[in-house]
Amino acid sequence: MIKINEHYLKLQSSYLFSEIAKRVSAFQAAHPGRKIIKLGIGDVTRPLPEACIEAFHKAVDEMASIRTFRGYGPEQGYDFLREKIAEEDFRARGATIAADEIFISDGAKCDTGNIQEIFAVDSRIAIPDPVYPVYLDTNVMAGRTGAFADGRYDGIVYLESTRANAFVPEPPEVPVDLIYLCFPNNPTGATITKPQLRAWVDYARENQALILFDAAYEAFLRDDSLPRSIYEIEGAEEVALEFRSYSKTAGFTGTRCAYTVVPKSCMAYTANGEKRSLHALWNRRHTTKFNGVSYPVQRAAEAVYSKEGKAQVRASIDYYLVNAALIRKEMTALGYECIGGDNSPYIWVDGRTDSWAFFDMLLEKAGVVCTPGAGFGRCGKGYIRISAFNNHENVEEAIERIKQALS
Ligand code: PLP
């Protein structure tokens, strides 16, 4: 008899976005013709930068000629892209990451989800609350948790991000082996300072732990004192992996390209305490289960680092940051405590009421869709996440409508 992986039965249904969609359709059916403005889901709205499109087209044409056609590429990614990343994203900021420590992939979602495969099932895991759900669900699937009760899985150490710690958790009192961190944060929009990140790196070094640092929103950082990479912290290359993505950086959500950094000096241990290279393990996993990102997409990603590409990416992120600043300013003026929105596309608003009640009120009274914070974890109760991914006109209209609805 074929049996299922019963850990899947512990998963909570992905209630958040389906419930939002259900409520939005019900509202639409009741108010046909009413324009709804969506500031909920975190998807980009602006097209790929021109430099990326040009490189993309050129590479597609190369695939049409017998002289320049390419078949299977290296699973880890083409050197032209890995070299650019090592130079521009790391060495230029004083972090010594080599090209062959970079693994190109089709998404930070897949990488942050798949990476747990190379760690022991009995690893003690620390996960932020609220959280990007992939970290948690993939560990549930792998059997690293107990049952779900009262909004939490047994066996997980939750790193609470609340007003009390300004949404940046400190290392836990209890020992953990694997730590997920994400800055700038989804959903809170919080950022971490170098001293705060150093405390985590020190903790990992002292406890033979490993940090998985998700920097998918790094491009939104405008405060130069904030770390863009965990490798700006001395010693991090021995205790941290980093995940990056072109999704939000350069509008690649539909094009798919990301990367993971696994430094060669980063080690984990066998049951009897022998050191093993995570680079070798991840290389084995990646080359066995992944075929690599398509050549034209990697050429498009490479163009992000050209002079034109850099300027266009910056302009596009600036566009969203104007929205973010407006949302934060106006929600604050309405008397709501907000964080995020300055170095992040997300604004985390304390609604001072149930998240879903606040969501319903914004939908009913203003026709604006946000994301209820409760969907990201117990600490998200009472909050909503507003996303800056939309055009200026829609964001301005949404804000006007919210002001009218709340006054
Ligand atoms: N990490 C975080 C924190 C995210 O919010 C997202 C997307 O929303 C991702 C990773 C996924 O990125 P990608 O599109 O590269 O899979």
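Please treat every number below as a calculation from the coordinates, not as lab data. Values in this document were obtained by computation on a predicted structure and should not be read as measured data. Note: ideal-geometry Cβ built from the backbone for every residue, glycine included; neighbour counts use all protein chains shown.
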**Message:** Give me the percent relative contact order of region 344-407, please, defined on Cα pairs under 8 angstrom at least 6 residues apart.
**Reply:** 38
**Prompt:** In a shell of Cβ-Cβ distance under 9 Å around ALA215, excluding ALA215 itself, what net charge do Lys and Arg (+1) and Asp and Glu (-1) give?
**Reply:** -1
**Request:** Treat every Asp and Glu Cβ in the chain as -1 and every Lys and Arg Cβ as +1, leave all other atoms uncharged, and give the resulting dipole magnitude about the Cα centre to the nearest 20 debye.
**Result:** 760
**Request:** Give the percent of DSSP beta bridges with both residues in the chain that are antiparallel, rounded to the nearest 5.
**Result:** 55
**Fill in**
At q = 0.13, 0.26 1/Å the base-10 log of I(q)/I(0) from the Debye formula over the alpha-carbon atoms of region 93-166 is -0.52, -1.20
**√(5λ) per eigenvalue of the Cα gyration tensor, region 155-294, largest first, Å** = 23, 23, 13
**Item:** Cα gyration tensor category, rounded, prolate or oblate, for region 148-225 with a/c compared to 1.5
**Value:** oblate
**Message:** Relative contact order for the chain: what percent, with Cα pairs under 8 Å and sequence separation of 6 or more?
**Reply:** 23
**Asked** In whole percent, what relative contact order does region 237-341 give with Cα contacts below 8 Å and a gap of six or more residues?
**Response** 19
**Asked** Where does the charge balance sit around LYS264 when Lys and Arg score +1, Asp and Glu -1, over other residues with C-beta under 13 Å from its C-beta?
**Response** -2
**Item:** Under 15 Å, Cβ to Cβ, from VAL313 - net charge with Lys/Arg +1 and Asp/Glu -1
**Value:** +1
**Message:** With bins 10 Å wide starting at 0, give me the P(r) of the chain over every alpha carbon pair, in whole percents.
**Reply:** 5, 22, 31, 26, 14, 3, 0
**Sorted peptide list for 366-372, 391-397, 204-210, criterion being average Cβ within 10 angstrom, highest first** = 366-372, 204-210, 391-397
**Prompt:** When the Debye formula is applied to the Cα atoms of region 236-333, each taken as the same point scatterer, what base-10 log of I(q)/I(0) results at q = 0.11, 0.20 Å⁻¹?
**Reply:** -0.54, -1.04
**Request:** Sort the following peptides by mean Cβ neighbour count (other Cβ atoms within 10 Å, averaged over residues), highest first: 176-189, 137-150, 1-14.
**Result:** 176-189, 137-150, 1-14
**Prompt:** What residue among CYS110, CYS52, CYS379 has the largest mean-square fluctuation in a Gaussian network model of the chain, using Cα springs under 10 Å?
**Reply:** CYS110
**Asked** When the helices in the chain are scored as -39500 (n - 2.57) per DSSP H run of 4 or longer and the sum is shared across all residues, what 222 nm value do you end up with, to the nearest 500 deg cm²/dmol?
**Response** -11000 deg cm²/dmol
**Prompt:** Taking the highest mean first, how do the peptides 298-308, 380-390 order by number of other beta carbon atoms within 10 angstrom per residue?
**Reply:** 380-390, 298-308
**Asked** Tell me which lysines have Cα within less than 21 Å of LYS289's Cα, excluding those fewer than 8 residues away on the same chain?
**Response** LYS109, LYS264
